[in-house]
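Visitor: Got a structure for you, questions after.
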Amino acid sequence: MSFRVADRVAQLPPYIFSEINFLKDQARSRGVDLLSLGIGDPDLPTPQPIVERMIQAIQKPANHTYSPYEGSELFRSAARRWFGRRFGVSLESNQCAALIGSKEGIAHFPMAFLNPGDSAIYPSPGYPVFETAITLAGARAIALPLKPENGFLPQAKQVEQLFLSHRPKYLLLNFPSNPTSVVCPKGTLEEIVYLAKKHSVILAYDNAYSEIYFDDKHRPASLLEIPGALDVAIEFHSLSKTFNMTGWRVGFVVGNPELIAGLIKYKTNIDSGPFLAAQDAGAFALDNAEMLTAPLRTVYLERMKIATRALGALGIEYVEPKATFYVWARVPGNRSSMEFTKALIESEGLVVTPGIGFGREGEGFFRLSLTTGEAQLKTAFERLGRHLAR
Ligand code: MLT
């Protein structure tokens, strides 16, 4: 007997990181020594004080039960406190809910608010889940092309044109951007909020990388800092990258209470919230965020210097990173981003992510994730140099 997946799954492209895993497995089976700058999964452990808090939290039987659907009061109040300290925006209790990682919220939000046939806009290049989530909700996914000549930022005119021609119900943006590492100026966010309100479009903002930045001048803002944003917007946050907690699956959503209530209504039917002990440790992390995140920024800044110096020396064009732990660089020569990635894995065992995995507008680029130590990073660039010299 053979089984066929549903059309909604059959229509999806393979998830880029599982495709890369397949290429890695093939290379590994041939004995290739792999070095990965592929997936953005921090190599550094979760800070020890958070781990210790988790050890205490897991001992409490009260943490072994289902979570409240919107998340524990302990976690949500810590998230609101952090948000107030970090962005100067004070939130009511119904303006914040826990998520099983921000990816979960981003994936489910369109199911709660889009009907089949609706249109919704996502950034390209962008994190693949943005488009997939819209498609799975049966809606038409419209790309907002983020062009190198515009610094990979949306242009107000371009956004309004898409609003007028597609009448979308939903626009999702992500800054600091995965994969481009670009931070969005507040002026652009103000223009987007103005347009969303004018055209009655729901705005979602993925701010998962807000804490990984390199100087105060480019410290990422929250969309909710923009006056009036709370009328139309929600924002996703994640503890994954901020505290090296990718496997813990804890994030949260903040913003318009009606939008949050709709998402929670959907979620009550399909999940039971993050593990309460992880929320407990997550609350501790957020309450101590200033102390815990500063050392991580220092580590990534050093890695970023190594990477950009090496790329410069190899004559590879790249976007000057202002945040995240990614470098977005142009594929040298005439190969497609996938051809380049495959050749790099085959010849040097060096894993990068091809730009095409982030949408059509990502073609011609590749992404390096600096989630590996400095010594390995240096080796990675030696391998890249060797590959280019062949
Ligand atoms: C990435 O862009 O590398 C992601 O964070 C990995 C993922 O969530 O699948």
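Visitor: Amide H to amide H, which residues 5 or more places from SER119 or on other chains are under 5 Å from it, using H placed in the peptide plane?
Guide: The list, which skips near neighbours in sequence, is ARG140, LYS169.
Visitor: If you plug each phi of the range 342-355 into the Karplus form 6.51 cos²θ - 1.76 cosθ + 1.60 with θ = phi - 60°, what whole-Hz ³J(HN,Hα) values come out, in order, with x for Gly and Pro?
Guide: 4, 5, 5, 5, 5, 7, 10, x, 9, 9, 10, 10, x, x
Visitor: Go through the range 1-107 and name the chymotrypsin sites (Phe, Trp or Tyr not before Pro) that are in a DSSP coil and have 11 or fewer other Cβ atoms within 10 Å of their Cβ.
Guide: Filter output for the range 1-107: PHE3, TYR66.
Visitor: Arrange GLU302, GLU104 by Cβ neighbour counts within 10 Å, fewest through most, would you?
Guide: Exposure proxy ranking, most exposed first: GLU302, GLU104.
Visitor: For LEU173, which sequence-distant residues (separation of 5 or more, or a different chain) have an amide H within less than 5 Å of its own amide H, given hydrogens modelled in the peptide plane?
Guide: For LEU173, the qualifying residues are ALA204, TYR205, ASP206.
Visitor: Computed over the Cα atoms of the range 9-130, what is the convex hull's projected area averaged over all directions, in nm²?
Guide: 12.6
Visitor: Kindly provide the pair-distance distribution of the chain built from C-alpha pairs, with 10 Å bins from 0 and whole-percent values in order of increasing distance.
Guide: 5, 23, 32, 27, 12, 1, 0
Visitor: Turning to a different aspect of this structure: Below 14 angstrom from the Cβ of GLN59, what's the summed charge of the other residues (Lys, Arg +1; Asp, Glu -1)?
Guide: With Lys, Arg at +1 and Asp, Glu at -1, the neighbours total 0.
Visitor: Now, a different point. Using a Gaussian network model on the chain with a 10 Å cutoff between Cα atoms, which of ALA233, ALA196, ALA343 fluctuates the most?
Guide: Highest fluctuation among the options: ALA343.
Visitor: Select from LEU99, GLN26, PHE3 the residue farthest towards the positive end of the dipole of the range 1-132; place +1 on Cβ of Lys and Arg, -1 on Cβ of Asp and Glu, and compute about the Cα centre.
Guide: Of the options given, the answer is LEU99.
Visitor: For PHE83, what charge total do you get from the other residues with a beta carbon under 11 Å from its beta carbon, if Lys and Arg give +1 and Asp and Glu give -1?
Guide: +3
Visitor: Taking the Cα centre of the chain as origin, work out the dipole magnitude from +1 charges on Lys and Arg Cβ and -1 charges on Asp and Glu Cβ, in debye rounded to 20.
Guide: Computed about the Cα centre, the dipole is about 400 debye.
Visitor: For the chain, what does the helix formula give at 222 nm: sum of -39500 (n - 2.57) over DSSP H segments with n ≥ 4, over the residue count, nearest 500 deg cm²/dmol?
Guide: Per the formula, -13500 deg cm²/dmol.
Visitor: When the gyration tensor of the range 81-165 is built from Cα positions, what are the square roots of 5 times its three eigenvalues, in whole Å, from largest to smallest?
Guide: Semi-axes (√(5λ), whole Å): 25, 20, 13.
Visitor: Could you work out the local net charge near ARG249, counting Lys and Arg as +1, Asp and Glu as -1, over the other residues with Cβ closer than 15 Å to its Cβ?
Guide: Cβ neighbours under 15 Å give a net charge of -1.
Visitor: With Kirkwood's inverse mean 1/r over C-alpha pairs for Rh, give me the Rg to Rh ratio of the range 158-306, two decimals please.
Guide: Answer for the range 158-306: 0.99.
Visitor: Using alpha carbon centroids, what distance separates the range 200-265 and the range 119-163, in Å?
Guide: Going from one Cα centre to the other spans 18 Å.
Visitor: In the range 127-279, what % of DSSP beta bridges are antiparallel (nearest 5)?
Guide: Taking every DSSP beta bridge with both residues in the range 127-279, the antiparallel ones total about 35 percent.
Visitor: Turning to a different aspect of this structure: What residue among ASN269, ASN178, ASN207 has the largest mean-square fluctuation in a Gaussian network model of the chain, using Cα springs under 10 Å?
Guide: Between ASN269, ASN178, ASN207, it is ASN269 that shows the largest mean-square fluctuation.
Visitor: If you don't mind, another one. Quick one: the Cα spread of the range 259-390 along its three principal axes, in angstroms, biggest first?
Guide: Result, largest extent first: 54, 34, 24 Å.
Visitor: Also, I was wondering about something else. Under the Karplus relation 6.51 cos²θ - 1.76 cosθ + 1.60, θ = phi - 60°, what is the ordered set of whole-Hz ³J(HN,Hα) values for the range 11-25, x standing for Gly and Pro?
Guide: 6, 6, x, x, 5, 3, 6, 7, 5, 5, 4, 4, 5, 5, 4
Visitor: Oh, and also: Using 31 Å as the Cα-Cα cut-off, could you pick out the over-long pairs in LYS241/LYS267; LYS198/LYS241; LYS157/LYS241; LYS24/LYS169; LYS103/LYS342; LYS267/LYS322?
Guide: Listed pairs above 31 Å: LYS198/LYS241; LYS157/LYS241; LYS24/LYS169; LYS267/LYS322.
Visitor: Moving on to the next point. Of the beta bridges DSSP finds with both residues in the chain, what % are antiparallel, to the nearest 5?
Guide: Restricted to the chain, the bridges split so that about 50 percent are antiparallel.
No value in this document is a laboratory result; all are computed from the given coordinates. The structure presented is a predicted model; accordingly, all values stated were derived computationally and were not measured. Neighbour counts run over all protein chains shown; Cβ positions are idealised from the backbone, glycine included.
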